[in-house]
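To start, the structure itself, in structure tokens.
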Amino acid sequence: RKEVEQDPGPFNVPEGATVAFNCTYSNSASQSFFWYRQDCRKEPKLLMSVYSSGNEDGRFTAQLNRASQYISLLIRDSKLSDSATYLCVVNREGGNQFYFGTGTSLTVIP
Amino acid sequence: NAGVTQTPKFRVLKTGQSMTLLCAQDMNHEYMYWYRQDPGMGLRLIHYSVGEGTTAKGEVPDGYNVSRLKKQNFLLGLESAAPSQTSVYFCASRDGFGEQYFGPGTRLTVT
């Protein structure tokens with residue numbers, strides 16, 4: 001079983017819509033969680049870390065559900081500039097390695 | 001403050017040739033990583049380093065070697081390139097919170 005799994009999409013949503021992605025992880029010892037954004041043919045860039053209590057950064061909200069072993073990303077009021085691939089990343093407790101999902105593709109349509 | 005830089009940006013190799021990819025960071029991070037990204041596979045860890053003079057294997061280390069002689073540099077070597085090593089290679093450094101900063105990538109084609 002893969003360490004991290006994501007629905008690849010694509011998600012095609014109109015501007016202004018709310019969209020949510022989930023990511024499941026297989027190892028219950030996972031401790032740190034992140035969402036990265038990757039534009040076409042570019043490097044991944046950190047979007048936000050995911051904290052146990054959930055956290056928000058502007059239009060973006062991240063949640064962690066340890067019982068069901070998934071994290072989520074909610075994007076409100078989608079902008080054209082949100083079009084990208086969103087990568088879920090997980091790190092085990094005390095570990096130096098990070099495990100990446102294959103990414104979820106989002107296209108925001110005018 | 002350039003962050004993480006990688007050279008070269010593009011390279012075409014013939015099977016059996018060797019090359020070194022250079023990664024440099026100016027954020028004084030201890031941890032550095034080399035990943036490869038292939039379609040449908042996500043990023044996979046090749047090797048990583050937890051500090052100057054240290055290296056460790058990741059998920060897909062075969063066919064690659066690394067060195068971290070200076071804290072700011074992390075080199076990835078391919079001794080005898082194979083077509084299966086055609087990929088996009090990303091270097092990253094990591095801060096104390098676990099957040100990674102990536103270089104722009106190297107697109108390598110092995111024919």
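With an 8 Å Cα cut-off and a minimum separation of 6 or more residues, compute the relative contact order for the stretch A:52-110 in percent.
Details: 80 pairs, mean separation 14.9, N = 59.
Relative contact order comes out at 25 percent.
By the Cα gyration tensor, the protein assembly as shown has an equivalent ellipsoid whose semi-axes, rounded to whole angstrom, run 30, 20, 16 from largest to smallest. Under a Gaussian network description of chain B, with springs only between Cα atoms under 10 Å, the residue in B:G40, B:G51, B:G63 that fluctuates furthest is B:G40.
Pairs of alpha-carbon atoms within less than 8 angstrom and 6+ residues apart define the contacts here; what relative contact order does the stretch A:1-63 have, in percent? Could the numbers behind the result be given before it?
Details: 62 pairs, mean separation 13.8, N = 63.
That works out to 22 percent.
Packing-based ranking of B:77-83, A:69-75 yields A:69-75, B:77-83, ordered from highest to lowest mean Cβ neighbour count within 10 Å.
Counting lysine pairs in the protein assembly as shown whose alpha carbons fall under 19 angstrom apart, excluding pairs fewer than 8 residues apart on the same chain, gives 6. Think of chain A as a dipole: +1 on every Lys or Arg Cβ, -1 on every Asp or Glu Cβ, centred on the Cα centre; then among A:W35, A:T18, A:F100, A:F100 lies furthest on the positive end.
How large is the charge dipole for chain A, taken about the Cα centre, if only the Cβ atoms of Lys, Arg (+1) and Asp, Glu (-1) carry charge, to the nearest 20 debye? Write out the running numbers ahead of the final one.
Details: 11 positive and 11 negative charges, 33 e Å.
Here the size comes out at about 160 debye.
With +1 on each Lys and Arg Cβ and -1 on each Asp and Glu Cβ, and nothing else charged, work out how big the dipole of chain B is about its Cα centre, in Debye to the nearest 20. It would help to have the intermediate numbers written out before the result.
On the way: 11 positive and 9 negative charges, 65 e Å.
For this selection, approximately 300 debye.
For chain A, a Gaussian network of Cα nodes joined below 10 Å ranks A:F33, A:F98, A:F21 by mean-square fluctuation, and the top entry is A:F98. The GNM of chain B, with springs linking C-alpha atoms under 10 angstrom apart, assigns the highest mean-square fluctuation among B:Y101, B:Y35, B:Y89 to B:Y101.
In a reduced charge model with +1 at each Lys and Arg Cβ and -1 at each Asp and Glu Cβ, the protein assembly as shown shows a dipole moment near 480 debye about its Cα centre. Put simply, the C-alpha atoms of the stretch A:33-103 give a gyration tensor, and the ellipsoid matching it has half-axes of 21, 16, 9 Å, longest first. Counting Cβ atoms of other protein chains within 10 Å of each Cβ in A:31-37 and taking the mean gives 2. Binning the alpha carbon pair distances of chain B at 5 angstrom intervals from zero yields the distribution 2, 13, 25, 26, 19, 10, 4, 1, 0, expressed in whole percent. Cβ screening of chain A for cysteine pairs under 4.7 Å finds these without a partner: A:C40. Could you give the distance between the Cα centres of the stretch B:46-111 and the stretch B:1-27, to the whole Å? The distance from the Cα centre of the stretch B:46-111 to that of the stretch B:1-27 comes to 9 Å.
Bear in mind that the values in this text are calculations on the coordinates, not laboratory data. As the structure is a computational prediction, the values presented were derived from the model and not from experiment. Quick reminder, even Gly has a Cβ in these numbers, built from the backbone with ideal geometry, and neighbours come from all protein chains shown.
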